[in-house]
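The values are calculated or read from the model by the stated rules, or taken from the named source; none is laboratory data. Owing to the predicted nature of the structure, the values given are computational and were not obtained by experimental measurement. When we count neighbours, we look across all protein chains shown, and the Cβ atoms used for this are built from the backbone with ideal geometry, even at glycine.
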Amino acid sequence: MTDKGTETRREDEPPAWRVLMGYVRPHRWTLLAGALLSLVTSATGLALPLVARGLIENLTADRAISGALLWLTLLVIGNAAVGALGSYVLHRTAESVVLTARRSLTSYLLRLRVSAVDASEPGDLLSRATSDTTLLRAMTTQSLIGLGTGGLTLVATLVLMGVVDLVLLGVTVGVIAVAAVVIGVISPLIHRASKRAQKSVGDMGASLERVLGALRTVKAAGAERREERTVHAAAERSWEASVESAKWSAVAGNVVGLAMQGAFITVLAVGGARVATGAIEIGTLVAFLLYVFYLMAPLQNVVQAVTQYQVGSAAISRMREVWRMPAEPEALSDEPARSPSDEPAALAFEGVRFRYAPELPLVHHGVDFEVPARGMTAFVGPSGAGKTTVFSLIERFYDVSDGGRIMVDGRDILEWDLAELRAAIGYVEQDAPVLSGTLRDNLLFGAPEVSPAGLDETLRTTRLRNLVERLPEGLDTVVGHRGTKLSGGERQRVAIARALLRRPRLLLLDEATSQLDAVNEAALRDTVADIARRTTVLVVAHRLSTVTSADRIVVMEAGRVRAVGTHTELVAANPLYAELAATQFLTEHDAAEAAR
Ligand SMILES: Nc1ncnc2c1ncn2[C@@H]1O[C@H](COP(=O)(O)OP(=O)(O)OP(=O)(O)O)[C@@H](O)[C@H]1O
Ligand SMILES: [Mg+2]
């Protein structure tokens with residue numbers, strides 16, 4: 001993700017305050033209630049001296065004080081209780097705003113197109129959903145409430161000042177205006193520094209994710225110190241930017257103090273002159289000076305609202321960058337999608353031309369092939385020929401970019417409902433990922449409603465029963481981040497079982513180049529052959545045993561289909577295939593050697 005570090009809002013995007021209001025809207029009544037409770041707290045606070053005065057008067061007049069004492073106690077307790085409740089409600093609302101933002105951002109992150117995620121750092125996206133959204137809390141309490149209560153008090157005080165003397169009000173407003181200009185100049189600096197600080201937090205997340213995601217490689221390569229420096233550098237950049245933001249916030253806060261001192265002196269000078277000419281009474285001047293003093297607190301509130309707003313809007317502009325990334329359409333219902341039929345799917349590629357990004361070269365230069373319903377089709381070809389890309393296109397992780405179309409059941413996949421299309425497919429990736437969680441979570445990931453009997457059956461066909469029996473807590477054993485507690489072959493079988501449990505109409509199996517021992521491989525080959533009798537199976541093959549049992553083989557090279565046929569036909573007729581068969585395929589013998 002690119003970030004120039006400058007204000008990047010586009011014309012068609014809502015300003016930060018409107019984004020914030022969008023998040024606040026569902027909670028506006030609680031927010032209002034919180035603000036009212038705060039006002040009530042201030043009001044009861046103001047009533048306290050009056051009751052205290054009554055109490056003292058009663059004392060001196062030798063009257064009973066129990067009534068006033070009771071009132072005073074009730075008022076003190078009530079004030080504390082209402083104050084606590086008000087503060088609780090306000091902070092609760094601010095947390096709800098953060099929750100709303102996190103929900104909407106994380107939903108969006110899960111719908112991002114694979115191509116968008118390819119072009120960004122997961123650690124950075126993570127920091128946008130966690131750390132940036134947190135900043136909305138202070139933005140809600142301080143900007144919204146500060147501006148609301150501070151602004152109201154400010155206006156009320158200014159009105160009262162106007163009632164006392166318009167000339168002196170003019171003087172005061174003049175001084176405040178100068179301060180406002182200075183703060184107006186400073187606040188974009190706060191915005192920019194905050195954005196840089198948050199960006200560095202994102203960089204830190206990205207570097208950490210990179211290290212922790214491949215900790216074994218990092219350790220094996222002895223790269224800890226270097227990676228440590230990268231992470232620390234990002235943390236230090238965040239520190240620098242935050243310190244700069246703090247510096248400008250401090251300047252802004254003290255500009256208010258300075259302005260108030262200035263206003264005090266100017267009012268004293270101008271007011272003194274007006275008293276001398278007899279334009280106003282001395283009492284008016286004193287009253288006015290008191291108001292100048294009262295102005296301080298609400299002004300501080302407003303300035304803090306402005307500075308917090310800059311910090312929050314920096315976070316919002318980083319969230320906005322996520323919303324700008326392309327995403328898949330939202331699912332129409334919460335129900336898990338179902339494929340329109342249960343029959344095995346037929347598939348065809350028609351002149352598919354595809355590149356991963358506009359600036360990258362073509363990966364598919366017009367790929368054509370047809371796969372009838374049922375049976376096993378193997379894809380073979382040198383590394384980088386575009387075999388895995390065929391599967392990514394069928395799953396619509398990417399859309400055909402330069403012409404051609406992909407048909408499933410005779411219908412262009414672009415016309416399919418995306419969820420329905422994917423519901424028809426079971427996909428085993430080349431590096432067979434396992435997610436953290438229990439083994440059961442992993443197996444039922446794509447089909448949570450499968451019966452215990454169905455699960456048991458699949459465990460048997462994928463030869464996972466032994467593993468389950470061996471594990472200390474069976475299916476409920478935690479397999480570690482990315483399945484680190486399983487062996488490579490076990491991970492692969494778990495991934496296959498997961499895909500099979502979906503009862504796919506089209507099974508895509510991207511065979512890994514190794515990792516299955518001879519016994520398991522033979523068993524799995526039989527399982528896949530059995531499945532191929534009931535459903536359509538596409539397998540990217542790296543093993544001789546797979547291609548010999550395939551009904552047809554598609555030979556790919558450099559983004560083109562070179563030949564289609566059975567193993568015997570191709571060995572005889574296609575030199576490229578003959579060479580692949582002689583050099584590239586793992587035979588069962590090889591696999592047995594590798595397993596030893
Ligand atoms: N996400 C991606 N972004 C950009 N280029 C990619 C991406 N994935 C793959 N490529 C490129 O596309 C080409 C085809 O890749 P693909 O993964 O389809 O090859 P393959 O036939 O599956 O190879 P292998 O047998 O090694 O798995 C390669 O040159 C690869 O560098
Ligand atoms: Mg591949």
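Screening the range 504-531 for residues that are at pLDDT 90 or above and out of contact with any Asp or Glu (no Cβ under 7 Å at 6 or more places or on another chain) and picking the one that is farthest from ligand 2 (Cβ to nearest atom) gives 504. If you go through the range 328-351 and keep only what is at pLDDT 95 or above and either closer than 19 Å to residue 145 by Cα or touching a Lys or Arg at 6+ places or on another chain (Cβ under 7 Å) (or both), you end up with just 350. Counting only residues that are surrounded by fewer than 20 Cβ atoms within 10 Å (Cβ to Cβ), of a type in the set (A, V, I, L, M) and either within 16 Å of ligand 1 (Cβ to nearest atom) or more than 28 Å from residue 585 (Cα to Cα) (or both), the range 471-527 holds 3 of them. Somewhere in the range 333-341, is a residue closer than 17 Å to residue 504 by Cβ, more than 16 Å from ligand 1 (Cβ to nearest atom), surrounded by 14 or more Cβ atoms within 10 Å (Cβ to Cβ) and more than 33 Å from the chain's Cα centre (by Cα)? So far as the range 333-341 goes, no, none of its residues is closer than 17 Å to residue 504 by Cβ, more than 16 Å from ligand 1 (Cβ to nearest atom), surrounded by 14 or more Cβ atoms within 10 Å (Cβ to Cβ) and more than 33 Å from the chain's Cα centre (by Cα). Within the option set 236, 228, 224, being farther than 30 Å from residue 188 by Cα and under 26 Å from the mean Cα position of the chain (by Cα) holds for one residue only, 228. Based on this model, can you work out whether residue 30 counts as modelled with pLDDT of 80 or more, of a type in the set (S, T, N, Q) and surrounded by 11 or more Cβ atoms within 10 Å (Cβ to Cβ)? In short, yes. Please tell me if residue 401 is away from ligand 1 (no atom under 13 Å from the Cβ), touching a residue at least 24 places away in the same chain (Cβ under 8 Å), more than 27 Å from residue 548 (Cα to Cα) and crowded, with 16+ Cβ neighbours inside 10 Å. Taking the combined requirement at face value, the residue does not satisfy it.
If you check 274, 225, 237, which single one turns out to be free of Cβ contacts under 8 Å to residues at least 40 places away in the same chain, farther than 28 Å from residue 94 by Cα and not small (Gly, Ala, Ser)? Write out each step before concluding.
Details: 274 fails: free of Cβ contacts under 8 Å to residues at least 40 places away in the same chain; 237 fails: free of Cβ contacts under 8 Å to residues at least 40 places away in the same chain.
Every option except 225 fails the conditions.
Of all residues in the range 419-428, none are within 16 Å of ligand 1 (Cβ to nearest atom) and either in contact with a Cys (Cβ under 6 Å, 6 or more places away or on another chain) or without any contact (Cβ under 8 Å) to a residue 40 or more places away in the chain (or both). Cβ separations smaller than 8 Å between residues 6+ apart or across chains give the following pairs from the range 115-134 residues that are touching a residue at least 24 places away in the same chain (Cβ under 8 Å) to residues that are more than 16 Å from ligand 1 (Cβ to nearest atom) and not in a helix (DSSP H, G or I): 116/327.
Got at least one residue in the range 247-269 being touching an Asp or Glu at 6+ places or on another chain (Cβ under 8 Å) and either among the basic types (Lys, Arg) or crowded, with 17+ Cβ neighbours inside 10 Å (or both)?
From the range 247-269, those touching an Asp or Glu at 6+ places or on another chain (Cβ under 8 Å) are none; that's our starting set.
Taking every residue of the range 247-269 in turn, none turns out to be touching an Asp or Glu at 6+ places or on another chain (Cβ under 8 Å) and either among the basic types (Lys, Arg) or crowded, with 17+ Cβ neighbours inside 10 Å (or both).
Filtering the range 99-125 to residues that are within 16 Å of ligand 1 (Cβ to nearest atom) and small (Gly, Ala, Ser) leaves 115, 116, 119, 120. The set of residues in the range 75-104 that are free of Cβ contacts under 8 Å to residues at least 24 places away in the same chain and surrounded by 18 or more Cβ atoms within 10 Å (Cβ to Cβ) is empty. Of the residues screened, residue 431 is not one that is more than 16 Å from ligand 2 (Cβ to nearest atom) and of a type in the set (Asp, Glu).
Somewhere in the range 409-416, is a residue in contact (Cβ under 8 Å) with a residue 60 or more places away in the chain, within 16 Å of ligand 2 (Cβ to nearest atom) and not in a helix (DSSP H, G or I)? No.
Identify, from the list 362, 393, the residue that is at pLDDT 90 or above and within 21 Å of residue 511 (Cα to Cα).
Values: 362 fails: within 21 Å of residue 511 (Cα to Cα).
Unique residue meeting the criteria: 393.
Selection over the range 124-157 of residues that are more than 28 Å from residue 96 (Cα to Cα) and either of a type in the set (Asp, Glu) or surrounded by fewer than 17 Cβ atoms within 10 Å (Cβ to Cβ) (or both) gives a count of 2. More than 29 Å from the chain's Cα centre (by Cα), closer than 28 Å to residue 547 by Cβ and not in a helix (DSSP H, G or I): is that true of residue 433 in this structure? The answer is no for residue 433. Within the range 539-566, the set of residues being under 39 Å from the mean Cα position of the chain (by Cα), part of a strand (DSSP E or B) and either crowded, with 18+ Cβ neighbours inside 10 Å or within 15 Å of ligand 2 (Cβ to nearest atom) (or both) comprises 539, 540, 556, 557. Close contacts from the range 200-222, counting a first residue that is in contact (Cβ under 8 Å) with a residue 60 or more places away in the chain and closer than 19 Å to residue 124 by Cβ and a second that is surrounded by 13 or more Cβ atoms within 10 Å (Cβ to Cβ) and of a type in the set (Asp, Glu), with Cβ to Cβ under 6 Å and a gap of 6+ residues or different chains, come to 202/124; 205/124; 206/121; 206/124.
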